[in-house]
Each structure stands twice: as structure tokens, then as C-alpha cells.
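Visitor: I have a structure here, written as C-alpha cells, and I will follow up with some questions on it.
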Amino acid sequence: MQYHLNGFCAGDPSISKSLSDRQMASQNVDVLIVGCGPAGLTLAAQLSAFAEIKTMITDRKAGPLEVGQADGIACRSVEMFEAFGFSEKVLKEAYWVNEVAFWRPDDTGAGLARADRIQDVEDDLSEMPHVILNQARVHDFYLEIMRNSARRLEPDYGHDLVDVTRTDDLDYPITASFTCGEDGVQKTVRAKYIVGCDGARSTVRRAMGHALKGEAARQLWGVMDVLAVTDFPDIRLKAAIQSAEHGSILIIPREGGYMVRMYIELDALHGDERAADRNVTSNMLVEKAQKILAPYSLDVKEVAWWSAYEIGQRVCDAFDDVAPDARGTKQPRLFIAGDACHTHSPKAGQGMNVSMADTFNLGWKLAAVLRGHAGPQLLDTYSDERQAKAKELIDFDKDMARLFSAKPKTPEEAARFQQYFKKHGRYTAGVETRYSASMLTGSGAHQTLATGYQTGMRFHSAPVVRLGDAKAMQLGHALKADGRWRLMAFAAARDVGQQGGYIAKMCSALSLNLFPMYTPKDADIDSVFDLRAVFQTPHREMDIGGLPDLLLPRKGVYGLIDYEKAFCPDTTHGQDIFDLRGIDRAHGALLIVRPDQYVAQVLPLDAVSEVETFFAGFMKAA
């Protein structure tokens with residue numbers, strides 16, 4: 001964490017200096033977010049990093065969430081939390097999913113037997129674990145970031161959105177009408193953009209004319225968080241249990257050491273029957289769980305929370321308000337994210353994770369357009385990228401739900417779910433997302449220079465040593481949620497930044513055109529593009545004073561030097577980053593990494609002209 005750049009400041013460095021009342025005063029907003037779920041709060045926290053952007057976030061509920069339904073947090077989401085600065089808080093409180101147990105009917109058919117017990121996340125898939133934590137706590141961490149921002153952003157609770165219209169007004173084309181509080185006071189908000197994170201019954205989606213399309217599986221499930229006494233040996237492991245006659249159950253240990261969540265298969269729904277028609281009770285769920293777990297006992301002492309639901313997989317055709325034939329001629333102003341545009345079963349543990357990924361994708365794009373760094377065509381990529389990922393999620397969820405509910409007749413059939421789980425571990429960890437070639441994602445023509453950094457996929461962190469202070473760290477943790485593009489340069493062999501080397505030549509070329517073209521006149525040189533370099537030479541053999549100026553930039557009112565731009569290999573645990581990520585040692589590589597941490601391009605170190613061409617496609621000169 002860096003601070004004191006513009007003078008010494010006492011107190012908590014995570015709390016930004018507040019804007020004045022005059023700076024914050026305005027009846028209109030840049031971005032109106034509807035819904036304080038994971039998607040809405042991720043977006044609000046992202047936008048709160050930019051003091052010049054006025055954001056308003058509303059929710060129809062009277063206050064913040066206290067008990068959340070979602071709890072599974074994928075590795076990729078914890079990586080994202082690191083970018084926001086609160087991954088350590090999550091990891092401290094959460095249950096870590098280390099192993100998964102699979103149980104099936106034993107040879108007699110009368111009992112259960114453990115079929116396998118495997119590692120949950122494969123080695124080097126992520127530096128972060130798969131964890132379980134109440135959704136409400138994730139909300140708390142986002143809310144803290146918002147409160148600490150320069151605008152001291154707080155949600156407006158008790159605001160029920162009733163209507164949204166788009167006008168031809170050039171400044172604030174969105175008009176949103178709310179009914180507020182118990183008195184039903186009417187309120188109108190005008191905005192440049194509105195983002196509906198308002199759930200499966202989204203008012204914003206309805207205003208866009210979109211609908212969730214798909215079908216229900218007609219399978220009823222129950223879920224409950226319980227405090228119980230049992231002799232089932234894997235109660236503190238994630239466990240998938242398929243019984244011979246009574247259905248299946250998924251056990252997810254909760255944070256705190258004692259509570260357990262159980263997803264319990266109930267009966268199929270028939271005709272027009274809905275989940276509410278069955279009059280499910282918590283006692284019914286307990287009895288069903290006891291039957292599935294038999295001959296093991298389950299003595300439930302307390303049910304902390306429970307629900308019954310029908311599995312359904314649905315997705316919208318688009319996530320913004322621009323029709324396909326108007327794409328490129330009309331700017332999107334209304335967006336939807338999370339459950340407002342895709343719904344699925346909870347057993348794959350993807351709901352909260354995919355929702356947050358939606359708005360992490362959208363947030364930096366809105367900020368870039370609002371701050372004048374990019375043209376509005378950038379916003380078209382949100383629906384294109386995320387709708388395709390939602391379709392993949394729906395397909396995955398259908399297979400997962402079908403296999404979990406299957407009634408296996410043979411040991412081979414029973415093993416299919418276990419095999420599917422192993423095969424798709426990368427997907428459930430959230431690291432398999434890959435964006436197709438577009439204005440933001442290159443073709444991968446130079447992929448051989450860095451085979452472990454696939455174009456279109458997230459930047460996969462690895463251990464390094466920061467040159468300036470010899471700190472061992474994860475390189476990916478230098479990529480914060482601050483809206484900046486990263487240029488990650490991996491030096492060729494024997495290049496230590498000396499004059500005439502590839503790194504020095506690259507820095508000189510970047511300083512000549514790209515950086516001055518897009519960096520605002522009074523801003524720090526790294527305010528738009530953040531260049532980092534990783535050298536092959538051990539840190540104790542490097543001369544930091546010999547680095548190019550762009551890797552030792554002078555910043556702030558005093559022209560202080562930033563010493564945190566250069567890194568060297570960390571070989572403490574074996575292979576270094578060049579081996580782990582398949583980087584060409586002879587030629588090095590230059591990566592363009594998006595503000596949401598996805599690799600946009602892999603290029604040779606001398607391909608600065610290609611870097612300039614890439615950004616010219618959507619960015620605006622300062």
C-alpha cells in the first residue's frame with residue numbers, strides 16, 4: 001500500500017480525504033446503481049475509487065443484508081478482493097475448502113461408503129483458496145470501502161424503483177422514479193447511466209424490454225444452515241453424497257467451525273406446481289437429510305436459516321439496452337448485471353461469483369468513459385463479453401444439476417458426477433473465463449512468448465521479489481482495482497534495464513508517444529498506464545539506479561520516486577515466474593493487462609507500435 005505521496009497524512013491511510021460539500025452537491029448522478037447485492041456493491045466500490053464520478057446506489061430493503069443466501073467464494077473472486085484490498089479479512093473469517101469427499105451407496109446398497117476424497121483446488125491454479133463466507137460479510141467489506149472513499153458513498157435504502165425511462169437529454173438521459181420509505185414518498189433521480197443489479201424480478205430489465213429466457217428443471221431442493229451433532233465423519237469437509245433411494249445432499253461447512261450448510265434433494269415438481277405449493281418446512285428438510293445420511297445419525301440442534309427452491313437456468317439475450325441493429329450507432333445507457341440477467345442453481349457455487357465478475361467487468365469501462373479516457377464504444381463490450389460467459393455458466397449448471405440429481409444404477413454411473421467435478425475444477429474456481437478476440441482482446445498471435453498468460457484470460461499471479469525493498473510477494477497483487485491499464489514487461493535474459501537493452505528501448509518508445517498522448521497534463525505519469533517490469537536477474541545482483549526513468553517515475557507534488565515498479569524472480573519454492581508462466585527467456589514478453597486483470601495482448605518487447613494501435617481503437621487523447 002502506497003501513501004504520503006503528496007505530503008504526510010496521519011491516521012488510517014485507507015480513508016480518503018473527503019470532498020467538500022460544494023464538490024459533492026448535485027441533484028444528478030453519473031451512475032445510478034439499483035440493488036445492494038454483490039453485483040451492485042462491487043460496482044459501487046469500484047466507482048467510489050474515482051472522486052470525480054458521482055455514484056448513487058439504492059435498495060428497496062430498509063437496511064443492509066444481515067444473513068446472506070450465498071456463501072461460496074471462488075479463487076478468482078478472492079483474487080478480485082485482493083485488488084479491492086480486503087482479501088485478508090475474508091481469508092481470516094472464512095472456511096477454507098481444502099478437500100472434497102464423495103459418498104455413494106456401499107456394496108450392500110443399504111449404507112454409504114466414501115468413494116473418494118480429493119484436493120479441492122489443484123496446485124498453482126491460484127494463489128488464493130476456495131472459501132466459504134456469509135454473503136453479508138462480503139457486503140460489509142464493500143460498504144467499508146465505499147464509506148472510506150472521497151465521496152463517503154452510502155447506499156440509499158428504502159428506495160423501491162418503480163419506473164425507468166430513457167430520454168434524448170444529452171447530459172442526463174436516464175430518469176428513475178422511486179417510492180421511498182414507509183410513507184411512500186415519490187423521488188426522481190436523473191443519471192447518465194443506470195445499472196440494474198435488482199435481482200431476477202428486475203425493474204431495470206423490464207424497462208429495457210428484456211426477459212430471462214430458459215426453463216426450469218422441475219426439481220425441488222431445500223437448503224438449510226444447521227448446528228448439529230452427527231457421527232458422519234466428513235461433516236467438516238465439502239461432501240457430495242448420493243444415496244441409493246432417498247436422493248442426494250451436498251454438505252458445505254460454514255465459517256466459524258460449527259455450522260454446516262446442506263443442500264437437500266427433494267421431489268420433482270409436476271405440472272404447474274411451484275416450490276411454494278409443497279409447503280416445505282425446516283422439519284421436512286431435517287427428516288430428508290437424516291434419511292439420505294443413514295445409517296449415520298444427524299441430531300439438528302438449531303436451524304439458523306432455511307429455504308426451498310426450484311432449479312432453473314435462464315439468461316437474457318443482451319445485458320444493455322442497445323438492439324443488435326443499433327450497435328455502434330447508439331450508446332448503451334441501461335445495463336443489467338447478476339441475477340437480473342442470469343439465474344441458475346446454487347450448487348455449483350457460481351451465483352455471487354459470476355455476479356461480481358459482471359460488474360468488475362463493467363465498472364472500469366464506465367469509469368474510463370466518464371473520465372474521458374475512452375470513447376462510448378467501450379461500453380458495448382460489456383454485454384458482448386458477459387452475456388457469452390453467462391451462457392457458458394447456464395450450460396455448466398445444467399450438467400452439474402442433472403448429474404447431482406441422477407439416480408445411478410451402477411458404480412460407473414455413480415462415478416460420473418465425481419469425474420465431472422474433477423474435470424471442471426478450473427471452471428468452478430472462476431479461472432477458466434476467456435474473452436474472445438475483440439477491441440479489448442488480441443488474437444494471440446505472439447502467445448508463444450508467454451504460454452502461461454493466455455490472451456483473454458485472467459492474469460495468473462506468481463511469486464516475485466520486489467526490487468526496491470526485497471519484498472517477496474505475488475506479482476498479481478500489484479494490480480489494484482483503480483481503473484489503470486497495466487503493461488507488464490518480462491525482460492529477456494541478461495537485460496537488467498541497461499541503456500541499449502530491450503527494456504530501456506521499450507521505455508524510451510513508450511515515453512515518446514503513448515504515455516504523453518493519453519495521460520492528463522497534471523496527472524502522474526502512471527495514472528493511466530502502469531508499467532511494471534520483471535527481470536530474470538536475482539534482485540541482489542540488480543542495480544536499481546540503472547533502471548530507465550519510466551520504471552523509477554517521479555510523482556506527486558514533491559516529485560517523489562516510486563520504487564515499486566521493478567521485480568525479480570523468487571526462487572524460494574522452486575521454479576521462478578518465467579518457468580511457471582512459460583515466458584520466453586531469450587526474447588521476453590510485453591503483456592497488456594486490462595483494469596479487470598485480464599490479459600488483452602501478449603507482444604514482443606519491441607512491439608510498442610502495436611501497443612499504440614491497440615489503444616487507439618477505443619481510447620481518447622488527453
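The values are calculated or read from the model by the stated rules, or taken from the named source; none is laboratory data. Just so we're clear, the structure is a prediction, and the values are computed from it rather than from any experiment. Note that we place each Cβ from the backbone using ideal geometry, even for glycine, and neighbour counts take in every protein chain shown. With ligands, DNA and RNA removed, areas are computed over all heavy atoms of the protein, side chains included. Shrake-Rupley method; radii C 1.70, N 1.55, O 1.52, S 1.80 Å.
Visitor: Once the piece of chain linking L19 and K521 is laid out straight, how much longer is it, given 0.36 nm per residue of separation minus the C-alpha distance between them?
Guide: 178.5 nm
Visitor: If you place +1 on the Cβ of every Lys and Arg and -1 on the Cβ of every Asp and Glu, how big does the dipole about the Cα centre of the chain come out, in debye to the nearest 20?
Guide: Its charge dipole is roughly 620 debye.
Visitor: With just the Cα atoms defining each centre, how far is the stretch 521-558 from the stretch 75-119? Give it in Å.
Guide: Here the answer is 40 Å between Cα centres.
Visitor: Something else about it: Give me the distance in nm between label points sitting 7 Å out from Cα along the Cα-to-Cβ direction at R201 and A493, one decimal.
Guide: My value for the distance between the label points is 6.6 nm.
Visitor: Between (1) 75, 62, 52; (2) 111, 63, 42; (3) 115, 77, 63, which matches Cα extents along the principal axes in Å calculated for the structure shown?
Guide: Only one option fits the structure, namely (1).
Visitor: Same structure again: Kindly state, to the nearest 0.05, the FRET efficiency for S282 paired with D124, given R0 = 30 Å and r defined as their beta-carbon distance.
Guide: Once the sixth-power term is evaluated, E becomes 0.10.
Visitor: In nm, to one decimal, how far is the modelled label at K422 from the one at I561, with both set 7 Å along Cα→Cβ?
Guide: With each label point 7 Å from Cα toward Cβ, the separation is 5.4 nm.
Visitor: Another question about this same structure. At 0.36 nm per residue, and after removing the present C-alpha to C-alpha distance, how many nm does the segment from N28 to V67 gain when stretched out fully?
Guide: Taking 0.36 nm per residue and subtracting the Cα distance, the gain is 10.8 nm.
Visitor: Over the stretch 447-617, average the accessible area per residue using a 1.4 Å probe and give it in Å², no decimals.
Guide: Roughly 40 Å² per residue, with all protein chains present.
Visitor: Any chance you could run the full-extension gain for K505 through Q575? It's 0.36 nm times the residue separation minus the Cα-Cα distance, nm to one decimal.
Guide: Result: 22.4 nm gained on full extension.
Visitor: Check which residues have an amide H placed less than 5 Å from Y598's amide H, if you skip close sequence neighbours.
Guide: Excluding prolines and chain starts, which carry no amide H, the hits are F459.
Visitor: Could I ask something else about it? Which entries of K291/K391; K288/K422; K330/K365; K238/K471; K17/K521 show an alpha-carbon separation above 25 angstrom in the structure shown?
Guide: Pairs exceeding 25 Å: K291/K391; K288/K422; K238/K471.
Visitor: Here's another thing I want to ask about it. Using 1/(1 + (r/R0)^6) with R0 = 41 angstrom and r between the beta carbons of Y157 and K391, what's the FRET efficiency to the nearest 0.05?
Guide: 0.75
Visitor: Can you give me the angle between helix 75-84 and the longest principal axis of the chain, using Cα atoms only, in degrees from 0 to 90, rounded to the nearest 10?
Guide: For 75-84 against the chain, the angle is about 50 degrees.
Visitor: Roughly what angle does helix 38-47 make with the longest principal axis of the chain, taking Cα atoms, 0 to 90 degrees, to the nearest 10?
Guide: 10
Visitor: Right, another one. Which of the GluC sites (Glu not before Pro) across the stretch 46-144 are loop residues per DSSP, with 10 or fewer other Cβ within 10 Å?
Guide: Answer by residue number: E66.
Visitor: Given a 1.4 Å probe and heavy atoms of the protein chains only, how would you sort K17, K422, K301, K238, largest accessible area at the top?
Guide: I get K17, K301, K422, K238, largest accessible area first.
Visitor: Identify, among N6, G196, N134, the residue whose Cα sits farthest towards the positive end of the charge dipole of the chain, taking +1 on the Cβ of Lys and Arg and -1 on the Cβ of Asp and Glu, with the dipole about the Cα centre.
Guide: Positive-end residue among those listed: N6.
Visitor: Moving on to the next point. Quote the relative contact order of the chain in percent (integer), defining contacts as alpha-carbon pairs under 8 Å separated by 6+ residues.
Guide: 14
Visitor: How much accessible area per residue does the stretch 189-330 have, in Å², with a 1.4 Å probe?
Guide: 45
Visitor: How far is helix 380-405 tilted, in degrees, relative to the longest principal axis of the Cα atoms in the chain, given as a value from 0 to 90 rounded to the nearest 10?
Guide: Relative to the chain, helix 380-405 is tipped by roughly 30 degrees.
Visitor: What FRET efficiency comes out for E541 versus M439 if R0 is 41 angstrom and r is the Cβ-Cβ distance? Round to the nearest 0.05.
Guide: 0.50
Visitor: Still on this structure: Taking K505 as the anchor, which aspartates and glutamates have their alpha carbon closer than 16 Å to its alpha carbon, excluding any fewer than eight residues away along the same chain?
Guide: Of all the aspartates and glutamates, those that pass the test against K505 - Cα under 16 Å, at least 8 places apart if same chain - are D495, D549, D606, E610, E612.
Visitor: I've got another one for you. Could you tell me which residue out of L237, I249, L161 lies farthest along the dipole of the stretch 145-268 toward its positive end? Charges go on the beta carbon: Lys and Arg +1, Asp and Glu -1, centred on the Cα centre.
Guide: Positive-end residue among those listed: L161.
Visitor: Could you give the dipole magnitude of the stretch 447-617 about its Cα centre, charging the beta-carbon of Lys and Arg +1 and that of Asp and Glu -1, in debye to the nearest 20?
Guide: 180
Visitor: Using a cut-off of 13 Å between alpha-carbon atoms, which aspartates and glutamates can reach K187, once sequence neighbours fewer than 8 places away in the same chain are excluded?
Guide: Hits, sequence-local ones excluded: D156, D160, D163.
Visitor: In percent, what relative contact order does the stretch 447-617 have, based on Cα pairs under 8 Å that are 6 or more apart in sequence?
Guide: Relative contact order here is 36 percent.
Visitor: Projected onto the charge dipole of the stretch 447-617 (+1 at Lys/Arg Cβ, -1 at Asp/Glu Cβ, origin at the Cα centre), which of L550, M457, W485 gives the Cα projection farthest towards the positive end?
Guide: M457
Visitor: Considering only protein heavy atoms and a 1.4 Å probe, what is the carbon-and-sulfur percentage of the accessible area of the chain?
Guide: Carbon with sulfur: 48 percent of the solvent-accessible area.
Visitor: For the stretch 441-549, which chymotrypsin sites (Phe, Trp or Tyr not before Pro) are in a loop by DSSP, counting at most 10 other Cβ atoms within 10 Å?
Guide: Nothing satisfies the criteria.
Visitor: If I model a spin label at D107 and A211 as a point 7 Å from the Cα along the Cα→Cβ vector, what separation in nanometres do I get?
Guide: 5.5
Visitor: Moving on to the next point. What's the magnitude of the charge dipole for the stretch 537-622 around its Cα centre, counting Lys and Arg as +1 and Asp and Glu as -1 at the beta-carbon? Answer in Debye, nearest 20.
Guide: In debye, rounded to 20, the stretch 537-622 gives about 280.
Visitor: Can you give me the solvent accessible area of M542 with a 1.4 Å probe, rounded to the nearest 10 Å²?
Guide: Solvent-accessible area, nearest 10 Å²: 20 Å².
Visitor: Still on this model: Given only helices, namely DSSP H runs of n ≥ 4 each adding -39500 (n - 2.57), what is the per-residue ellipticity at 222 nm of the chain, to the nearest 500 deg cm²/dmol?
Guide: -7500 deg cm²/dmol
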